[in-house]
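Take a look at the structure below.
The values are calculated or read from the model by the stated rules, or taken from the named source; none is laboratory data. Note that the structure is a prediction, hence the values are computed from the model and not measured. All Cβ positions, glycine included, derive from the backbone under ideal geometry; neighbour counts span all protein chains shown. For accessibility, only protein heavy atoms count, side chains too; no ligands or nucleic acids. Shrake-Rupley method; radii C 1.70, N 1.55, O 1.52, S 1.80 Å.
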Amino acid sequence: MDTKQVGEKLVALCREGRNLDAVNTLYSADIVSVEAMQNGPMPAEQRGIDAIRGKNQWWVDNHEVHAASTDGPYPNGDRFTVKYHYEITPKTGPMSGQRMAMDEVALYTVANGKIVREEFFYAM
């Protein structure tokens, strides 16, 4: 798959709520994931598919998701961006129990038909 096709598949899976399926099928074993900041026990940068699976499971376990939308992809060479919007209630931490909106932009880098790097941009 080329970069645009990877992005289209990622967006389609996320729109179906199948984010972990996207990780399992589209991510490189050596994926690098970079968040805008550390989130609870999750470090800002993580490496390897198992770490990313764990990060995704942590998100599911620690947030009630009321609504989610995904826009994109917006390709450029070997990269593409996706815009995400969430309505969530954190189950833990300082915002626990408080419903909130969250917007983020993700930048993905593709090599050999797999996502090798993801970077998330958001303000909290």
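Some observations on this one:
- Within the stretch 54-75, the set of residues being open to solvent by 80 Å² or more (accessible area, probe 1.4 Å) and touching a strand residue (DSSP E or B) at 6+ places or on another chain (Cβ under 9 Å) comprises E64, Y74.
- Whenever a residue of the stretch 6-21 is farther than 16 Å from G113 by Cα and in contact (Cβ under 8 Å) with a residue 24 or more places away in the chain, its partners that are of a type in the set (D, E, K, R) and open to solvent by 20 Å² or more (accessible area, probe 1.4 Å), lying with C-beta atoms within less than 9 angstrom and at least six residues away or across chains, give the pairs L20/R53.
- Qualifying residue in the stretch 76-86 (condition: touching an Asp or Glu at 6+ places or on another chain (Cβ under 8 Å), closer than 17 Å to V6 by Cβ, modelled with pLDDT of 95 or more and open to solvent by 40 Å² or more (accessible area, probe 1.4 Å)): yes
- Among the conditions (1) open to solvent by 60 Å² or more (accessible area, probe 1.4 Å); (2) in contact with a strand residue (DSSP E or B) (Cβ under 6 Å, 6 or more places away or on another chain), C14 misses just one, which is (1).
- Only one entry of R99, R117, R47 meets the criterion of being open to solvent by 60 Å² or more (accessible area, probe 1.4 Å), at pLDDT 95 or above and closer than 21 Å to D2 by Cβ, and that entry is R117.
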